[in-house]
Protein chains: 2
Amino acid sequence: MKTWNSVAIVGVGLIGGSVGLALLRRGLAKEVVGIGRNAQSLAAAKRAGAVTRTTLEIADGVKAADLVIVCTPVAQIVEQAAIAAAACPPGALLTDAGSTKAEIVGQLDAARRRGSWRPGVRFVGSHPLTGNEKKGPQHARAELFEKRAVIITPTDDTTAADRETLKEFWMSLGARVVEMSAAQHDRVVAATSHVPHLVASAIAASTPEEYVTLTAGGWLDTTRIAAGDPALWQQILLGNRENVLASLARFTGVLAALRTAVEQQDAAKLETLLAEAKRIRDALGS
Amino acid sequence: MKTWNSVAIVGVGLIGGSVGLALLRRGLAKEVVGIGRNAQSLAAAKRAGAVTRTTLEIADGVKAADLVIVCTPVAQIVEQAAIAAAACPPGALLTDAGSTKAEIVGQLDAARRRGSWRPGVRFVGSHPLTGNEKKGPQHARAELFEKRAVIITPTDDTTAADRETLKEFWMSLGARVVEMSAAQHDRVVAATSHVPHLVASAIAASTPEEYVTLTAGGWLDTTRIAAGDPALWQQILLGNRENVLASLARFTGVLAALRTAVEQQDAAKLETLLAEAKRIRDALGS
């Protein structure tokens, strides 16, 4: 297994903290530098054993890095990756953990072409399909990536060696890795993550408050992700706006068919539609 | 704690089986008779320790019952309760575990007034807010009702003694009991259970199948109840049609507001709507 001399993590919350914990627990990095804007959060990450050193300055944190991972909220990834790319050692590999990919990959590719990066520095996008409604380094877990999928989004410019390195990196944390284009990634997560988030929020917000104590497991399950951070999710949803709207249209079309079957008291049709949903859901475990 | 000489359970699946297990484990009933149409299912319930005796005939099963609980799918409850009410000992109390209440309570009240019931037999509706996407006596658990809410729906004709008896019955299985009218019950569960079920089904059915292996916890949570039995849910949704349509309209209104905020790239509005959803969701635990 490849080991790293110095891994810099920009943004040491749930995801960044878990990357650091996993690297250190598994002996995969000599140094893990936590970089952030909040000294308290950095101190918490250090106490949790997620990083070996902390700093408020990106340039200071990445100066010896052979790998930089930007784990900030999506709206800050491009800016922070660009600062890291201008300050890290020549030849360092950069990646991120953002929930949207096309805009980030495109903007960073343009920045690299403008020539402000250190020589030989490359960015390849990543998205670990994990995390939950909690945030902050206090919820970080070394096992967070085990058996989870991580999507990586190489471009035509990405070398085979970098794809392999990034793939091995996530696999070394226990994940399985799937490669696809950034555009395809964004279509997938619109359907599997972003629209479910909007829908879960709509269920929660449309439930009369006096009924909430009378909910059972079904409501709790369907609304769980609505507890996610509104500021983060606003960025994610707007960062993937066109795919979210397209995927939402597909959802509302299916819901309208279910609604019509209820309205017209068409028991056979309703049962067929519910059975089709069950068939797709049953393909996975609980 | 009141104990029963003979409790008859019509329909020994997940709910009926769990009632039987809980009664016997807690020593609350001398005899628990499992009544069903499927000899294999009855044999499984007996093996699981959920019943002490089984029969395919309602009239035979209820002949000594001081309490009858009808736990069949909702579309069969009225018919089976009426048969039980005509065959049980004078003075027996009947209840059910159906997910809809107004139609069942109304029809059984009319049946009672027509005079075909044994003398002094009463029906008071119940709905334990539990169960999950699994079914069958093999999934029954004695703890199923612990700390769960059970809604009971007395009418103007229900005596204070019967309300108290039924309340104590569910409390003796570990549940907390909430009383409301059958009409109010049906409004509540439309919002907290029936619409979430439709929505979960629509998410599952609108997810392209090739994306399903790329889902994470959010999709799994929001779609879990879509694995429920389509035949059962078709009955439940059509049995509460008007409330489901009204509640669905409230949901689609909130979803449309979220959609508009995404479409118009209104970050502030989107964040406010997501925060309102989070506030309601955070009122409960995970």
> In region B:258-286, what count of residues is obtained for those that are outside any loop (DSSP other than H, G, I, E, B), over 15 Å from A:Ala200 (Cβ atoms) and of a type outside the set (Val, Ile, Thr)?
Replying inline: 6
> Out of all the residues in region A:77-104, which are under 12 Å from the mean Cα position of the chain (by Cα) and hydrophobic (A, V, I, L, M, F, W, C)?
Replying inline: A:Ile77, A:Ala97
> Which members of region A:25-41 meet the condition of being among the charged types (D, E, K, R) and in contact (Cβ under 8 Å) with a residue 60 or more places away in the chain?
Replying inline: A:Arg25, A:Arg26
> Can you name the number of the only condition in (1) of a type outside the set (A, V, I, L, M); (2) touching a strand residue (DSSP E or B) at 6+ places or on another chain (Cβ under 7 Å); (3) closer than 21 Å to A:Gly16 by Cα that A:Ser181 fails?
Replying inline: (3)
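Yes/no per residue for (1) more than 7 Å from chain B (Cβ to nearest Cβ); (2) at pLDDT below 95; (3) not in a helix (DSSP H, G or I):
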| residue | (1), (2), (3) |
| --- | --- |
| A:Ala190 | yes, no, no |
| A:Pro196 | no, no, no |
| A:Val199 | no, no, no |
| A:Ala204 | no, no, no |
| A:Glu210 | yes, yes, no |
| A:Gly218 | no, yes, no |
| A:Thr222 | no, no, no |
| A:Leu232 | yes, yes, no |
| A:Leu237 | no, no, no |
>> Need pairs with beta-carbon distance below 7 Å; first residue under 14 Å from A:Leu94 (Cα atoms) and within region A:104-116, second among the charged types (D, E, K, R) and crowded, with 18+ Cβ neighbours inside 10 Å; sequence gap 6+ or separate chains.
In response: A:Ile104/A:Asp96
> Which of the residues that make up region A:272-286 are at the interface with chain B (Cβ under 7 Å from one of its Cβ atoms) and not hydroxyl-bearing (Ser, Thr, Tyr)?
Replying inline: A:Leu273, A:Leu274, A:Ala275, A:Glu276, A:Ala277, A:Lys278, A:Ile280, A:Arg281, A:Asp282, A:Ala283, A:Leu284
> Tell me, which residue of region B:153-168 that is touching a residue at least 40 places away in the same chain (Cβ under 8 Å) and under 21 Å from B:Leu21 (Cα atoms) is farthest from the other protein chains (Cβ to nearest Cβ)?
Replying inline: B:Thr165
> Which number in (1) touching a residue at least 60 places away in the same chain (Cβ under 8 Å); (2) touching a strand residue (DSSP E or B) at 6+ places or on another chain (Cβ under 9 Å) marks the one condition that A:Thr215 misses?
Replying inline: (1)
> Among the residues of region A:124-132, is there at least one that is touching a helix residue (DSSP H, G or I) at 6+ places or on another chain (Cβ under 9 Å), within 14 Å of another protein chain (Cβ to nearest Cβ) and surrounded by fewer than 18 Cβ atoms within 10 Å (Cβ to Cβ)?
Replying inline: yes
>> Return the residues of region A:169-179 that are touching a residue at least 40 places away in the same chain (Cβ under 8 Å), more than 13 Å from A:Thr95 (Cα to Cα) and not in a loop (DSSP other than H, G, I, E, B); say none if nothing qualifies.
In response: A:Ser172
> Could you list, in sequence order, the residues of region A:153-168 that are surrounded by fewer than 17 Cβ atoms within 10 Å (Cβ to Cβ) and in a loop (DSSP other than H, G, I, E, B)?
Replying inline: A:Thr155, A:Asp156, A:Asp157, A:Thr159
> So which residues in region B:210-252 are in contact with a helix residue (DSSP H, G or I) (Cβ under 7 Å, 6 or more places away or on another chain) and closer than 20 Å to A:Val244 by Cβ?
Replying inline: B:Tyr211, B:Val212, B:Leu214, B:Thr215, B:Ala216, B:Gly218, B:Trp219, B:Asp221, B:Thr222, B:Thr223, B:Phe251
> What are the residue pairs meeting all of these: first residue in region B:130-144, first residue among the small types (Gly, Ala, Ser), second residue modelled with pLDDT of 90 or more and surrounded by fewer than 16 Cβ atoms within 10 Å (Cβ to Cβ), Cβ atoms under 7 Å, and 6 or more apart or on different chains?
Replying inline: B:Ala142/B:Arg25
>> Whether any residue in region A:273-284 is more than 16 Å from B:Pro230 (Cα to Cα) and in contact (Cβ under 8 Å) with a residue 40 or more places away in the chain is what I want to check.
In response: no
>> So the check is Cβ under 7 Å with 6+ separation or different chains; which pairs have a first residue in region A:72-92 that's at negative phi and surrounded by 22 or more Cβ atoms within 10 Å (Cβ to Cβ) and a second one that's of a type in the set (Asp, Glu) and assigned to a loop (DSSP other than H, G, I, E, B)?
In response: A:Ala92/A:Asp66
> Looking at B:Arg141, B:Arg118, B:Arg148, which is the one that is closer than 21 Å to A:Ser286 by Cβ, of a type outside the set (S, T, N, Q), in contact with a Pro (Cβ under 8 Å, 6 or more places away or on another chain) and outside the structural domain of B:Thr192 (by TED's automatic domain parsing)?
Replying inline: B:Arg148
> For region B:239-271, how many residues are touching a residue at least 40 places away in the same chain (Cβ under 8 Å) and more than 8 Å from every other protein chain (Cβ to nearest Cβ)?
Replying inline: 4
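The values are calculated or read from the model by the stated rules, or taken from the named source; none is laboratory data. These numbers were taken from a predicted model, which means no experiment stands behind them. All Cβ positions, even for glycine, are placed from backbone atoms using ideal geometry, and neighbour counts span all protein chains on display.
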